[in-house]
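Notes follow the structure.
The values are calculated or read from the model by the stated rules, or taken from the named source; none is laboratory data. Just so it is clear, the structure is predicted and the values come from calculations on it, not from any experiment. Glycine gets a Cβ as well: all are built from the backbone with ideal geometry, and neighbour counts include every protein chain shown. Areas reflect the complete protein model, heavy atoms only, side chains present, ligands, DNA and RNA absent. Shrake-Rupley method; radii C 1.70, N 1.55, O 1.52, S 1.80 Å.
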Amino acid sequence: MREKRLHREPTKNYFPLPNGIYQLGLSAGAIVVYGYLLYIENRETYQCHASYATIGNAVGMSRNTVRKYVQELERRGLILTERTTIVTQDGRIQNGSLLHTILPIQLVIEQFYQEQLEAVDIAREQQRVEKLMVQRNAAY
């Protein structure tokens, strides 16, 4: 009897999640929300429409928790979120869904590494100053 091998087809039922997302020190919840936004984004415009409730239902989080993670992604420069409006048939303007734009992760990773290098430089300078102060105090 022939054994059937299971394999993954890379272009079917999968979407790319950038490797760099794990290098940015994001919370697990923010990574889940980011992954969902990538999953539903339009691959040509890099945008998607989704309310906090829609995202929450998909990933098993409350609206407030999703909002917190969306704000984390915005602060890190991974996404932009804009409110939209709709005009009802009777002419009233109401809130529409949120429009999320996924930004290039390469820029965020470069900025993250630059911030880390600056922090190392600051720490090195603080150590140098502390060493000088210890030497001066020892001389007196």
Point to revise | Yes/no for L98 being modelled with pLDDT of 90 or more and either over 17 Å from the mean Cα position of the chain (by Cα) or among the hydrophobic types (A, V, I, L, M, F, W, C) (or both) | key: yes
Practice item. Return a yes/no flag: does segment 38-51 have any residue that is touching a residue at least 60 places away in the same chain (Cβ under 8 Å) and closer than 26 Å to Y14 by Cβ. Key: yes
Point to revise | Output for segment 105-118, where each listed residue is out of contact with any Gly (no Cβ under 9 Å at 6 or more places or on another chain) and either open to solvent by less than 60 Å² (accessible area, probe 1.4 Å) or of a type in the set (S, T, N, Q) (or both) | key: Q114, Q116
Check your understanding: Any idea which of (1) touching a helix residue (DSSP H, G or I) at 6+ places or on another chain (Cβ under 6 Å); (2) modelled with pLDDT of 90 or more is the one R124 doesn't satisfy?
Key -> (1)
**Study point:** Subset of segment 127-140 (residues that are open to solvent by less than 90 Å² (accessible area, probe 1.4 Å) and at pLDDT below 85)
**Key:** A138, A139
Exercise for review: Output yes when any residue across segment 43-56 is within 23 Å of G25 (Cβ to Cβ), of a type in the set (V, I, T), modelled with pLDDT under 95 and within 15 Å of the chain's Cα centre (by Cα), and no when none is.
Suggested key: no
Check your understanding: Is it true that some residue in segment 101-121 is among the hydrophobic types (A, V, I, L, M, F, W, C), touching a helix residue (DSSP H, G or I) at 6+ places or on another chain (Cβ under 7 Å) and within 14 Å of Y36 (Cα to Cα)?
Key -> yes
